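Okay, structure first, notes after.
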Amino acid sequence: MKFNIRLAVFGLIFLSSCSQRKPIDINDEVRDPSEHEDSVIQIAPMVPEAVQILLEEAEIQQQNGQVEAAILTVKRALSISPASAMVQQHLAELYLAEGNYRESFDWANRVVNQGPSRGSICERARRTLALAAEMLNDVTAQAQALESISDCTQPAPQRF
Amino acid sequence: MKLVGFYEVRKFVSRQSKSKASQKKYGKWLYRGLLYLFGLSIGLIIPWFLYINHVTNTIVSEQWDIPSVVYARPLELYAGKQLTPEALVFELDLLGYQEVSSTPKLGQYQIYQNSFDIYSKGFVFTDQTSSPKRIKITLSDGKVSQMTPAIYRLEPKVIGHFFSSSLESRQPVKISAIPETMVKGLQAVEDRDFNHHHGVSWTGIMRAAYKNLMAGEVVQGGSTITQQLVKNKLHYNHNSFLRKLHEALAATLLEDKLSKKDIIEMYFNEIYWGQDGKVSIHGVAEAASYYFAKDVNRLSLPEQALLVGIIKGPSWYNPFRQKQRALERRNLVLNVWRDTGIISSNQWQQAVQQPLGLTNHRTIKAEFADYMDVVKMQLKSQLKQADLKQKGLKIFTFLDPYIQYKTTQTSQKTSQWLSSEVESAIVVSGAQNAELKAISGSKNARSHYNRALLAKRQIGSLIKPFVYLAGLETLSGFDLQDQLQDEPVQITTDDGSLWEPDNWDKQSWGTIEAKEALVHSRNQATVDLGLKVGLKKLINFLNQLGLNVNRSRHPSLFLGAIDLTPFEVQHLFTLFSSRGQHTQVLAINFITHADNRLLSRSKHQQKPAIGIANIDLINQALYAITTRGTAQSISNKFNLPGPLFGKTGTTNAGRDSWFTGFNQDLLATVWVGKDDNSPTPYSGSSGALVLWAHLFMNL
C-alpha cells in the first residue's frame, strides 16, 4: 500500500513536470527560426496600407503584454483583408501566445492549406501548427507539421 | 356663626379639594398627553424615522439596472476601402453628425465635391481609444482614394438595448465626466443654496411659498436638488404634505450619508430626461446621446443649457416637438448662467445665437429589430438574462448599417419588383468571414414574424451542391466530369409507395456530365448520384455540416425535401463562399463589461473536414450557374460584375423561391413565398434571384 502511494505521488510529479511547458514565446519559437537568409524570394502580399499599420499596432500591443487587445487589432486587419495569409498567421500566433491552442491550430491550419507554400509565412504557419498540436496532444498533427517545415525553404539558386 | 364658619370652612375645603381635583385632573390629562405623545413617538414617529432612514440607506446602496448596449460594427475608414459617397453620408447621418458648409467642429462634417472633412467624436474601444480627430477623405470610383490619417474607426452605432422591466435607458457617468459649467449651471437653476443647506432649504421654501401666495397658485417649487433626487428615487408623482415631509426628512438624512459631490453625481445619473417610445431616458449621458448623439463631455454650452433647462419638464419642453418652447427655456437658463457668472457675456452672446442643434439620427429609418433577434438567439447560450439587463454589458456585433438599410429597402420593394401577394426574407453575411451583416425577416417593416430566422421551408434544389459535394467526398474516384443518367427513375420508398422524380421541364436529357447536371439543376441526374451516394451517407454528411436531418428518410431528400430557414441556408452556403473555412454565421463579434474589459470573443464552430479541392470544384459549378445555368440572368440581364457564384431553388408550384449567391465580399440568401405555403408563379430565378440582383446592384 505504501509503495502504491509513493508510486502514485511520483507519477503525479512526473506527469505535472511533463505538462509544465514554459509559456510559448512566439518570437523565439515561431518567428525567429522562420527567417532564413537562403530562403526563397519573399513576396510582399498585396494588402492595404491600413492592414500593415494595424499589424504594427498589434505588435506593439503584444510586446506590452496586451495580447487580448492585439488579437482584436489583428481581427480588424482581418476584416479588411479576410483572405490574407499574413494576417491569418498573425492571428494564429497571437492565439498561441494567449494559450488558445484550438483557435491557433485552426488559423495556422488555414494558412498551411491556403497560404503560401514557400517562405517565412509558410514556415511560421507550420511551426505554429506544430506547437498548437503539441499543446493539444495531437502527436500526429505535430509530427506532420514539423515534417513539412523543410518544404517551405529551398536552397537559393547557385550564382555564377 | 359657627355654622357660617363651618360652611365657609367646608366651602374652602371643598374649593381646595376641587382645585386639587382639577389639578389632579389636569395632571392626569398632562400625564395622558405625555403618554399619548410617547405612544405616538414609539408607535409612529420612531418607526417613521426608521423607515425613512431605511429608505435613504436603500438610495445610497441602490445599484441601477444598467441595460446592455448592442453596437453595430464601427465603420473602418482607410485608403482603398470600397465606399460610396451615399454610404458615407448615410453612416454619418446615422451617427448623428451634422453637415455644415464651414470648417467642421466636433460631430460635424463638410462635403466638397467628393471630398469629406469629418470631425469625429471619438470612442473608447476595448483595444484602444479613438480620439476625436479631423479626417479628410476623398472618394472616387466607389473607393476611398485618399485619406488622412491612414486609418480611422468611427464610433459604432447603438442598434439596441437589453432593458430590465423598468425600461430605463441609462449609462451612469462620474461627475468628472460632466462639464463643470453644467454642474454649476444645474445648481444655479435648480438650487442655488445647494452647497449651504442640509437637504432642505428653508429660505427656498419661504421664497416659494411667498411667490405661490402672491400668484394664487403653485408657480415655484422650493425643493432642493437633494429633495428632487429623493422624489425621483421614491417615484413620488404627486405632492401632498405627508410626501413633502417624507422628502424633507429623507433629504436631510441623505445629506448625512453622502457628500455633496456624490449627491450631485447621483442626481445627474438618476434624473428623468425624456421618453423615446416606451423607453425612458435617465441620466445625463443617455440624454446627451439621445438629443445630441454625443458623449456628455463633448456637449457645447447651449447643449448643456438645453439639457439643464428641460429637467423642469422633459415632456413640456420636448425639444423635438416643442422647438420654440425649448429654445426659450434654453435661453432662460443661459441668462441665469450669465447673471450668476457661470459664463461670460461673450459666451452667452454666442450661445444664445446657436440653434438647438438636435441630432437627426432618430429620424433615420434603419431596421435593426430582425438583427437583434439573431443577437438574442446567439447570446442565449452565452449570458444570463439578468446579466444582460442589469450589468451594462457592451455587445459588439458585425451589423453593417448601410447594408442593413439596403437589405430592408430590397425586402420592402418585394411587392414592386414581384407581387404584393408574396413575402420575402433576406440574409447577408461576409462571404469569407461569415460575419452577419444584415437580415430582413419580412417585406413589411411592422411585421414581427422574422421569416429569415423562423420560417422553415423546403429548400428544393439548393440541396444539390451538397449532394454533389457528398459524392465528391464519399464516392471513390467520382468527379464532376463523370457521367450521370438524367432519365426517368422509379424508387420504392420505405412505406412501399412509388416515387418518380421529374425534371422542371418535364424532359430527360439522358447521359449528362455531373457538372452540367448541377449547372442546369437536373433532378433525375441528381437522384442518380444520390442513389450512388446512398441516403444514409448523405444524411450523415449533412449532419456533419451542422444540419439535424433525422426525420427525412425519403429519397426526395436528394432534391431538397428538407425544411430549413433562410438563416440555416446561409450557414450551409458559407461553406462554399469561405472555401470550407466556416459553416456558421455569427452576429456577435465580442462582448465587454461596462468598463470595457473583454468578457468574451465569439468563436466559430469547428469546421468539418472537407477537402478544399472538392469545394473549389463545386464553386466552379456555382460560377457556371450564374453565367450559363439557371441563374444566368444575373450576368445577362442585371449585368452584375463577376465573378458571381450561386444556386437557385424552387419547390412544387413555386411555393418557395430561393436564391443563394455570393461574390468575393458578400453572401446573400433570399427566400420568396407565401406564409400559408400556397403556390406562387415564381421559380428561384424569376423570384428570389430578382431581389438578390437588385440588392447587389444597390450596394
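Within the stretch B:524-550, the set of residues being assigned to a helix (DSSP H, G or I), of a type in the set (S, T, N, Q) and modelled with pLDDT under 95 comprises B:Asn540, B:Asn543, B:Gln544. Selection of first residues in the stretch B:237-259 that are at pLDDT below 80 and of second residues that are surrounded by fewer than 18 Cβ atoms within 10 Å (Cβ to Cβ), restricted to Cβ pairs under 8 Å at least 6 apart or on distinct chains, gives the following pairs, ordered by first then second residue: B:Arg243/B:Tyr236.
Residues checked against (1) under 30 Å from B:Ala285 (Cα atoms); (2) in a helix (DSSP H, G or I):
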{"position": "B:Leu37", "(1), (2)": "no, yes"}
{"position": "B:Ile45", "(1), (2)": "no, yes"}
{"position": "B:Asn53", "(1), (2)": "yes, yes"}
{"position": "B:Thr56", "(1), (2)": "yes, yes"}
{"position": "B:Val69", "(1), (2)": "yes, no"}
{"position": "B:Arg73", "(1), (2)": "yes, no"}
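Under the condition of being open to solvent by less than 20 Å² (accessible area, probe 1.4 Å) and either free of Cβ contacts under 8 Å to residues at least 12 places away in the same chain or in a strand (DSSP E or B) (or both), the residues counted in the stretch B:160-180 number 3. Looking at the stretch B:115-132 only, could you name the residues that are open to solvent by 50 Å² or more (accessible area, probe 1.4 Å), at pLDDT 90 or above and over 20 Å from B:Val296 (Cβ atoms)? None; the set is empty. When we screen B:Tyr291, B:Tyr210, B:Tyr267 for residues that are assigned to a helix (DSSP H, G or I), of a type in the set (Phe, Trp, Tyr) and free of Cβ contacts under 8 Å to residues at least 40 places away in the same chain, the only hit is B:Tyr210. Taken together, B:Pro319, B:Pro314, B:Pro355 contain a single residue that is in a loop (DSSP other than H, G, I, E, B), open to solvent by 50 Å² or more (accessible area, probe 1.4 Å) and farther than 30 Å from B:Ala425 by Cα, which is B:Pro355.
For beta carbons closer than 8 Å, sequence separation of 6+ or different chains, a first residue in the stretch B:491-510 that is surrounded by 10 or more Cβ atoms within 10 Å (Cβ to Cβ) and a second that is charged (D, E, K, R) and not in a strand (DSSP E or B), the qualifying pairs are B:Ile491/B:Glu500; B:Asn503/B:Arg522; B:Ser508/B:Glu487; B:Trp509/B:Arg522; B:Gly510/B:Glu487.
Output yes when any residue across the stretch B:78-98 is within 12 Å of chain A (Cβ to nearest Cβ), open to solvent by less than 30 Å² (accessible area, probe 1.4 Å) and in contact with a strand residue (DSSP E or B) (Cβ under 7 Å, 6 or more places away or on another chain), and no when none is. Yes: the stretch B:78-98 contains one or more residues that are within 12 Å of chain A (Cβ to nearest Cβ), open to solvent by less than 30 Å² (accessible area, probe 1.4 Å) and in contact with a strand residue (DSSP E or B) (Cβ under 7 Å, 6 or more places away or on another chain). Of the residues that make up the stretch B:524-535, is at least one within 14 Å of chain A (Cβ to nearest Cβ), aliphatic (A, V, I, L, M), out of contact with any Cys (no Cβ under 8 Å at 6 or more places or on another chain) and surrounded by fewer than 22 Cβ atoms within 10 Å (Cβ to Cβ)? Checked the stretch B:524-535: no residue is within 14 Å of chain A (Cβ to nearest Cβ), aliphatic (A, V, I, L, M), out of contact with any Cys (no Cβ under 8 Å at 6 or more places or on another chain) and surrounded by fewer than 22 Cβ atoms within 10 Å (Cβ to Cβ).
Of all the listed residues (B:Thr583, B:Thr592, B:Thr630, B:Thr574), the sole one being in contact with a strand residue (DSSP E or B) (Cβ under 7 Å, 6 or more places away or on another chain) and within 19 Å of B:Ala434 (Cβ to Cβ) is B:Thr574.
Among the candidates B:Asn540, B:Asn503, the residue that is farther than 16 Å from B:Gly560 by Cβ and within 49 Å of the chain's Cα centre (by Cα) is uniquely B:Asn540. Within the stretch B:472-500, being touching a Phe, Trp or Tyr at 6+ places or on another chain (Cβ under 8 Å) and either part of a loop (DSSP other than H, G, I, E, B) or under 23 Å from B:Ala624 (Cα atoms) (or both) holds for B:Leu472, B:Glu473, B:Leu480, B:Asp486, B:Gln490, B:Thr493.
Residues of the stretch B:422-458 that are of a type in the set (Asp, Glu) and either open to solvent by less than 10 Å² (accessible area, probe 1.4 Å) or more than 27 Å from B:Arg579 (Cβ to Cβ) (or both): B:Glu423 alone. When restricted to residues that are under 28 Å from the mean Cα position of the chain (by Cα) and under 30 Å from B:Gln82 (Cβ atoms), the stretch B:664-699 contains 16.
Assess whether B:Leu586 counts as being touching a His at 6+ places or on another chain (Cβ under 6 Å) and over 30 Å from B:Gly477 (Cβ atoms). Answer is no for this residue. The set of residues from the stretch B:551-571 being more than 25 Å from B:Trp499 (Cβ to Cβ) and touching a strand residue (DSSP E or B) at 6+ places or on another chain (Cβ under 7 Å) comprises B:Pro566, B:Phe567, B:Gln570. Taking the stretch B:270-287 as the range and being surrounded by fewer than 24 Cβ atoms within 10 Å (Cβ to Cβ) and assigned to a loop (DSSP other than H, G, I, E, B) as the test, the residues that pass are B:Ile271, B:Gly277, B:Lys278. Being open to solvent by 10 Å² or more (accessible area, probe 1.4 Å), out of contact with any Lys or Arg (no Cβ under 7 Å at 6 or more places or on another chain) and of a type in the set (A, V, I, L, M): is that true of B:Leu388 here? No: the conditions fail for B:Leu388. Within the stretch B:362-387, residues that are modelled with pLDDT under 75 have Cβ atoms under 7 Å from residues that are open to solvent by less than 90 Å² (accessible area, probe 1.4 Å) in these pairs: B:Ile364/B:Asp93; B:Ile364/B:Leu94; B:Ala366/B:Leu94; B:Ala366/B:Pro401; B:Ala366/B:Gln404; B:Ala366/B:Tyr405, counting only partners at least 6 apart in sequence or on another chain. Consider the stretch B:40-70 and keep the residues that are open to solvent by 20 Å² or more (accessible area, probe 1.4 Å) and closer than 24 Å to B:Phe368 by Cβ. The one that is farthest from the chain's Cα centre (by Cα) is B:Asp65.
The values are calculated or read from the model by the stated rules, or taken from the named source; none is laboratory data. The shown structure was predicted, so the numbers you read here are calculated from the model rather than taken from an experiment. No Cβ is skipped: glycine too gets one built from the backbone with ideal geometry, and neighbour counts run over all protein chains shown. Quick note on the areas: whole protein, heavy atoms, side chains included, nothing else; ligands and nucleic acids left out. Shrake-Rupley method; radii C 1.70, N 1.55, O 1.52, S 1.80 Å.
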